[in-house]
Amino acid sequence: MADTEVGPQEEKEKPKKPINLLRGWPSPHLLPTTQLAAAAAAALADPAVSVAALSYGLDPGFQPLREELARWLSDMYGDYPGSSGGGGIKADEIAITGGASQSLACLLQSFTDPGYTRAIWLVAPCYFMACPIFEDAGFRGRLRAVPEDEWGVDLEALEKALTEEEARKGWENHPFKSPYPDRKLYRHVIYLVATCANPSGKTLSLARRKGLVHLARKHDALIISDDVYDFLQWPVTTTTTPSAVPSPLPKLLPLLSQIDASLYPPPSKHNQSQERKEKRFSHAISNASFSKLVGPGIRTGWIHGTPDSAYGFSQTGSNRSGGAASQFAAAVVWRMLSGGELEGYLDRVVRPALRGRHRVMLDVARRVLAPMGVGVWGGNGVGGAGVAGEEKEEEMFGGYFVWLTLPVGLDAAVVADRAREEEALVVAPGGLFEVAGDEETARFPRNVRLSFSWEDEEDLVEGVERLGRVLRRILDGTERKGGAGKGTVEADVADFK
């Protein structure tokens, strides 16, 4: 009996390799496993380190890492005028955390109260997985969207909304918590990603940062900025830079927490009370993490604020029980950071790779998608910090994502569904990034987020080309027969991070 030949139709229906342009994880190729192994071995071999690393930690966290972070952050962000009393960031302004999500929950436990805090303001499009954390803290139904403009958070819209909220009648001020003397409650929380926002990629200018801090101090708001992409930035060029070329990080724009600290003394009017007259609580907290720098499984991060805010955070009940989170991981990261291995790895491996992946995705998106009327966001032109905190003209970009705007008439949710069914391609429709419970204020039905951090470069190209085929079929009013075959993948909640 003759061998059965595979016909053209059967060949077309061969399952496609799944491609995930939704997942916001670092590529396995970029995880510093060798450096981590060496750092862990060194930490365990030294009893002066290993005993502390394997014991219950101090409430503010592993002290050597706090001190090393203070040095590193001072080098990276510079000495913002008036901040920290001069001389850069100090160790007592830092508390070690179990990563940005865990620290967000702890901040809400310590500094908010559903009976006192009126609303949570999220810059939209937002990192939507923050919404359940706010809801679990008692704020379901009180999440409010604040739209972005080309330069990030719209300050005029935010101030108008804050003023209207405070003028609203019927508010019953009955706090459940008594955080004093080590902590305070805030009337409002403002949540955003100030640098390389997820998903839009926008970075707040220095002027916009100053305006936001002044607004928070005026309305007794706590800004929580997820500063997880600050060290993953690079200059944008029109030519492809080989991934082997190191990519040192320029001086960065100041943290919102640095700008806030520069305004002390005097403390904000909302800090002045008899019971805490000596306290200076932040109106801006930098919430940062090693998840994108070392690996998500390391579950270690830090916050930066005034010394009183950092200490107040450390007194969160769930933090004090057992001491600061991730004690052993903090010791390992400290060895990597203090020995220069982490900074060198970011310079030589991580940033060059992300810069190359971003360039590849931009090039194929502009070649394939732009001719169909798709807007491809390339950045808002905000550079690193120059002399005296002024911004450079050089355009910077960073993070993990490219934000697309589809032509009028196309629905991103439909596009995402068809991409999954027809092309085994997972992308993130804009509706995912609307604020839970306040979707009407800022909707994104025509937006799509693409991640360039997870898949290899050839799959980034293939993925965008597949998306282009889906868009072409929708625009032409045609269907693809047969679907993607058994290679079709379902998006899981873990893919959304």
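The values are calculated or read from the model by the stated rules, or taken from the named source; none is laboratory data. As the structure is a computational prediction, the values presented were derived from the model and not from experiment. Note that each Cβ is placed from the backbone with ideal geometry, even for glycine, and that neighbours are counted across all protein chains shown. Please note that ligands, DNA and RNA were not included when accessible areas were found on the heavy atoms of the full protein model with its side chains. Shrake-Rupley method; radii C 1.70, N 1.55, O 1.52, S 1.80 Å.
Take the residues in segment 320-353 that are touching a residue at least 60 places away in the same chain (Cβ under 8 Å) and part of a loop (DSSP other than H, G, I, E, B); name whichever of them is farthest from Leu232 (Cα to Cα). That would be Gly322. Only one of the numbered conditions (1) in contact (Cβ under 8 Å) with a residue 40 or more places away in the chain; (2) surrounded by fewer than 23 Cβ atoms within 10 Å (Cβ to Cβ); (3) among the acidic types (Asp, Glu) is violated by Asp79, and that is (1). The criterion of at least 1 residues that are at pLDDT 95 or above and open to solvent by 40 Å² or more (accessible area, probe 1.4 Å) is met by the following strands (runs of 3 or more DSSP E) wholly inside segment 88-179: 143-149.
The conditions of being in contact with a His (Cβ under 8 Å, 6 or more places away or on another chain), at pLDDT 95 or above, closer than 30 Å to Gly399 by Cα and aliphatic (A, V, I, L, M) are not met by Leu21. All of Lys90, Lys169 fail the test of being basic (Lys, Arg) and without any contact (Cβ under 8 Å) to a residue 24 or more places away in the chain, apart from Lys169.
Would you point out the residue of segment 458-490, among those that are small (Gly, Ala, Ser) and open to solvent by 40 Å² or more (accessible area, probe 1.4 Å), that is modelled with the highest pLDDT? Can you show your working first?
Going residue by residue through segment 458-490, those that are small (Gly, Ala, Ser) are 463, 468, 477, 482-485, 487.
Now drop any that are not open to solvent by 40 Å² or more (accessible area, probe 1.4 Å), which leaves 477, 482.
Details: Gly477: 88, Gly482: 49.
The qualifying residue modelled with the highest pLDDT is Gly477.
Taking the criterion of being among the hydrophobic types (A, V, I, L, M, F, W, C) and closer than 16 Å to Glu465 by Cβ, the residues of segment 336-382 that qualify are Val360, Met361, Leu362, Val364, Ala365, Val368, Leu369, Ala370, Met372, Val374, Val376.
Can you pull out the residues in segment 307-322 that are within 23 Å of Tyr180 (Cβ to Cβ) and either open to solvent by 10 Å² or more (accessible area, probe 1.4 Å) or touching a His at 6+ places or on another chain (Cβ under 6 Å) (or both)? Walk me through it before giving the result.
Of segment 307-322, the ones within 23 Å of Tyr180 (Cβ to Cβ) are 307-321.
Residues satisfying the conditions are Pro307, Asp308, Tyr311, Gln315, Gly317, Ser318, Arg320, Ser321.
Among residues of segment 296-306 being assigned to a helix (DSSP H, G or I) and within 19 Å of Asp230 (Cα to Cα), the one that is most open to solvent (accessible area, probe 1.4 Å) is Pro296. If you go through segment 44-67 and keep only what is open to solvent by less than 30 Å² (accessible area, probe 1.4 Å), within 24 Å of Ala310 (Cβ to Cβ) and part of a helix (DSSP H, G or I), you end up with Val49, Ala53, Leu65, Arg66.
With respect to Tyr80, is the statement that it is among the hydroxyl-bearing types (Ser, Thr, Tyr), in contact with a helix residue (DSSP H, G or I) (Cβ under 9 Å, 6 or more places away or on another chain) and closer than 21 Å to Thr306 by Cβ true?
Working: among the hydroxyl-bearing types (Ser, Thr, Tyr): yes; in contact with a helix residue (DSSP H, G or I) (Cβ under 9 Å, 6 or more places away or on another chain): yes; closer than 21 Å to Thr306 by Cβ: yes.
Criteria met by Tyr80.
Is one or more of the residues making up segment 378-400 at pLDDT 95 or above, of a type in the set (A, V, I, L, M) and open to solvent by less than 50 Å² (accessible area, probe 1.4 Å)? No; the residues of segment 378-400 include none that is at pLDDT 95 or above, of a type in the set (A, V, I, L, M) and open to solvent by less than 50 Å² (accessible area, probe 1.4 Å). When only residues in segment 419-448 that are without any contact (Cβ under 8 Å) to a residue 60 or more places away in the chain and not acidic (Asp, Glu) count, which is most open to solvent (accessible area, probe 1.4 Å)? In this case the residue turns out to be Arg443.
Within segment 194-207, is there a residue that is in a helix (DSSP H, G or I) and in contact with a helix residue (DSSP H, G or I) (Cβ under 7 Å, 6 or more places away or on another chain)?
Filtering segment 194-207 for residues in a helix (DSSP H, G or I) gives 206-207.
Next, only the ones that are in contact with a helix residue (DSSP H, G or I) (Cβ under 7 Å, 6 or more places away or on another chain) stay: 206.
Yes, segment 194-207 has at least one match.
Regarding Val228, is this residue in a loop (DSSP other than H, G, I, E, B), crowded, with 23+ Cβ neighbours inside 10 Å and touching a residue at least 40 places away in the same chain (Cβ under 8 Å)?
Values: in a loop (DSSP other than H, G, I, E, B): yes; crowded, with 23+ Cβ neighbours inside 10 Å: yes; touching a residue at least 40 places away in the same chain (Cβ under 8 Å): yes.
Spelling it out, Val228 is indeed in a loop (DSSP other than H, G, I, E, B), crowded, with 23+ Cβ neighbours inside 10 Å and touching a residue at least 40 places away in the same chain (Cβ under 8 Å).
Just one of the listed residues (Ala161, Ala197, Ala167, Ala145) is among the aliphatic types (A, V, I, L, M) and more than 24 Å from Ser257 (Cβ to Cβ), and it is Ala167. Pairs are defined by a Cβ separation below 7 Å, a sequence spacing of at least 6 or placement on different chains, a first member in segment 49-76 that is touching a residue at least 40 places away in the same chain (Cβ under 8 Å), and a second member that is surrounded by fewer than 21 Cβ atoms within 10 Å (Cβ to Cβ) and hydroxyl-bearing (Ser, Thr, Tyr); the pairs so defined are Pro60/Tyr311; Glu68/Ser338.
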